[in-house]
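Visitor: One structure is given below, represented as structure tokens, and several questions about it will come after.
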Amino acid sequence: MSVRRITPGRPRTKPAEERRADLLDAAEGVFAERGVDAARIDEITERAGVAIGTFYLHFSSKRDIMLAVQSRFVDRLVERQHAAVQNLPADDWTGRVDAWLSDAVRAYVEHAELHDVLYGHTPINARTEIQVSPENAHVEAFRRLITERPDPPADAPNPAMAALLIHSAWYGGTHALLHHEADDIDRMADELIADITDLAHRYLRSDV
């Protein structure tokens, strides 16, 4: 008599981290389409394919998931800039700084609409305010890159202040570029990158 072996079936529910990621993906899509203010939690859960109760296992409110989407947005930018830097030799510090800044500008250009939705900015071509905090994860990641400089000169600027000021320059410059009507954003982005990297070289005293 043969014995039928029972194999475990597929789990009926996704792991918590996957379910949370689904909710973040859904929220990002709803926010991008409807704006944060107009978005509703039931729209997010419907898109994610989960019950309302599942939402509250992971997030306490719409604001809570909005902050989580913001955090993931910045984390992905940092990961992208790290990847650009890792393609260069460790001893090419100036090249790594240039790669970081170049990719930062291009990433903002590519994701400008989502950025504006998540950070409460008004639509493209409107006047807005820029706020850059030293606690920003993007600023902190750039500060760490600055500290990797081998044998910095005695008069090199403080890395934390340098990261904040250079971040403000590229971020503000890119924001201004995107929020003015322009037929050739790519060309203007190239010019901005050239200006920002030149500014960074002079401020960081890269030629010393």
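The values are calculated or read from the model by the stated rules, or taken from the named source; none is laboratory data. Please read these numbers as outputs of a predicted model, since none were measured by experiment. Neighbour counts are summed over all protein chains in view; Cβ atoms, including those assigned to glycine, are modelled from backbone coordinates with ideal geometry.
Visitor: All but one of (1) modelled with pLDDT under 90; (2) under 30 Å from PRO89 (Cα atoms); (3) aliphatic (A, V, I, L, M) hold for LEU101; which doesn't?
Guide: So the condition that LEU101 fails would be (1).
Visitor: Which residues, taken from region 53-74, are surrounded by 13 or more Cβ atoms within 10 Å (Cβ to Cβ) and of a type in the set (Lys, Arg)?
Guide: LYS62, ARG72
Visitor: Name the residue that is surrounded by the most Cβ atoms within 10 Å (Cβ to Cβ), counting only residues in region 14-48 that are outside any helix (DSSP H, G or I) and in contact (Cβ under 8 Å) with a residue 40 or more places away in the chain. Talk me through it step by step, then tell me what you get.
Guide: Narrowing region 14-48 to residues outside any helix (DSSP H, G or I): 14-15, 35-40.
Cutting the leftovers down to in contact (Cβ under 8 Å) with a residue 40 or more places away in the chain gives us 35-36.
Details: GLY35: 13, VAL36: 19.
My answer is VAL36.
Visitor: I would also like to ask the following. I need every pair where a residue in region 166-185 that is within 17 Å of THR197 (Cα to Cα) and among the aromatic types (Phe, Trp, Tyr) has its Cβ under 6 Å from the Cβ of a residue that is surrounded by 15 or more Cβ atoms within 10 Å (Cβ to Cβ) and modelled with pLDDT of 85 or more, sequence separation at least 6 or different chains.
Guide: Note: pairs meeting the criteria are TRP170/LEU101; TRP170/ALA104; TRP170/VAL105; TRP170/ILE196.
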